[in-house]
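Taken together, the values in this text are just the output of simple stated rules run on the coordinates, not laboratory data. Since we're looking at a predicted model, the values are computed, not measured. Counting neighbours? That spans all protein chains shown, and the Cβs are built from the backbone with ideal geometry, glycine included.
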Amino acid sequence: MDDSGRNAGRRFLNWLFISGHRRAVTVALAVTVYLAMLGLTLVEPVDARRILTEQNTVQMLLNTLLSGVILLVSIVVSINSLVVSQELAPIGSQHERVVESWDFREEAAQFVDGAVSPADPSGFLLTIMEAVRSELDELEERASDLDGEPKIAVTEYVETTRDGLSGTESVLQTAEFGSFDEALFGPAYDPSPYIDDGRALYSDSSDLPESVGQSLNDIVTALQYFATAREYFKTVYYKREFSYLSRDLLYTGLPAILLISYVLLAVDGIRIAGSTLGVDNLFLFLTFAYVVALTPFLVLTSYTLRAAIVSENTITAGAFIIEE
């Protein structure tokens, strides 16, 4: 496969798992399931009319799907109610939470020498990244006067940390205002190793000039701000995604229940004649009903895929380092 084909494949996977609107991904999955069913019937034809008259396979399948849809919607809505109940805190707790978030922003603003740090997630993280890069440049300049092993160690730390910043910065710069998605879904950037390495160098800074030690301390502090903010944004993101999931499950669950119920009631009297492109129209209708019944599960799949990728790309152990 040439580079253009691989790039197209990566773009498609990125859209499927990350950037694509979850409703669009759900529709794409539904169309895929529908076409897959049609493809299978072309390989091994299914006599839909005989199945309806001689077997209860369709009824059993739809009954199972009906029970599953009702159970799925009920569980997710119940969990969503529990999540919402956690937000119903006393005014003192709400005030404390808001003040803590503002205090964090003000501390970050003072660190990056700004009046106010950006309010949008991508802008905030990008500001921290720019501060880290500025400190790395300053550290590199200060380390130019060093000799021997200390200079090698500091230079390697600067290069590895700078390389780690590049992928994340490119994603943050293209993120839309107020969006966490791109900031969280970009190339996995776990600052824990760089924080740990920086602290190790800082602890050995007795052999280094004071200015170098101060630069190392500033870099570690900035990376800690980044890690803290990203974890907070991820928490907010999960809450938002779960509310979207609950809403879309309700939107798709009711039509699915209605259509499944209708087909179950009318299955013995369905009279759909003719065929389209060699496929029995009755089979086309039953396949459509099947896909509609699966839609809530496809909604759950689309959201779960992205949540899993976010969790994988932003997994952190704080002060500890977890190897893959």
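Across the alpha-carbon atoms of the stretch 1-85, the computed radius of gyration and Dmax are 19.3, 53 angstrom. Would you please state the base-10 log of I(q)/I(0) at q = 0.22, 0.23 1/Å for the stretch 239-315, with intensities from the Debye formula using one equal scatterer on every alpha carbon? Summing over Cα pairs of the stretch 239-315 leads to -0.96, -1.01.
About its Cα centre, the stretch 207-274 has a charge dipole of approximately 540 debye under the convention of +1 per Lys or Arg Cβ and -1 per Asp or Glu Cβ, with nothing else charged.
The simple spin-label model puts a point 7 Å past each Cα toward its Cβ; for residue 57 and residue 301 those points are separated by 2.1 nm.
Relative to the globular-protein estimate of 2.2 N^0.38 Å, the Cα radius of gyration of the stretch 56-115 stands at 2.23. Here the Karplus curve 6.51 cos²θ - 1.76 cosθ + 1.60, taken at θ = phi - 60°, turns the phi angles of the stretch 67-81 into couplings of 4, x, 5, 4, 5, 4, 4, 5, 5, 5, 5, 5, 5, 4, 5 Hz, with x standing for Gly and Pro. Among 120, 103, the order by Cβ neighbours within 10 angstrom, fewest to most, reads 103, 120.
Residue separation of residue 15 and residue 47 scaled by 0.36 nm, minus their Cα-Cα distance, works out to 7.8 nm of gained length. When each of the peptides 144-152, 224-232 is scored by the mean number of other C-beta atoms lying within 10 Å of its residues, the order from highest to lowest reads 224-232, 144-152. Dipole magnitude for the stretch 24-102: computed about the Cα centre from +1 point charges on Lys and Arg Cβ and -1 point charges on Asp and Glu Cβ, it is near 200 debye. Using the empirical formula 2.2 N^0.38 Å as the baseline, the Cα radius of gyration of the stretch 90-140 reaches a ratio of 1.40. Evaluating 6.51 cos²θ - 1.76 cosθ + 1.60 at θ = phi - 60° for every residue in the stretch 138-144, the Karplus couplings come out as 5, 5, 4, 5, 5, 7, 5 Hz, glycine and proline recorded as x. Rounded to the nearest whole Hz, the Karplus-based 3J(HN,Hα) values (6.51 cos²θ - 1.76 cosθ + 1.60, θ = phi - 60°) of the stretch 227-234 follow the sequence 4, 5, 5, 5, 5, 5, 4, 5, with x at glycine and proline. Most tightly packed first, judged by the mean number of other beta-carbon atoms within 10 Å of their residues, the peptides 298-310, 66-78 read 298-310, 66-78.
Rounded to the nearest 0.05, the FRET efficiency derived from the C-beta distance between residue 138 and residue 313 at R0 = 35 Å is 0.75. Treating each Cα of the stretch 117-160 as an identical point scatterer and summing with the Debye formula, the log10 of I(q)/I(0) at q = 0.14, 0.23, 0.32 Å⁻¹ comes to -0.42, -0.73, -1.04.
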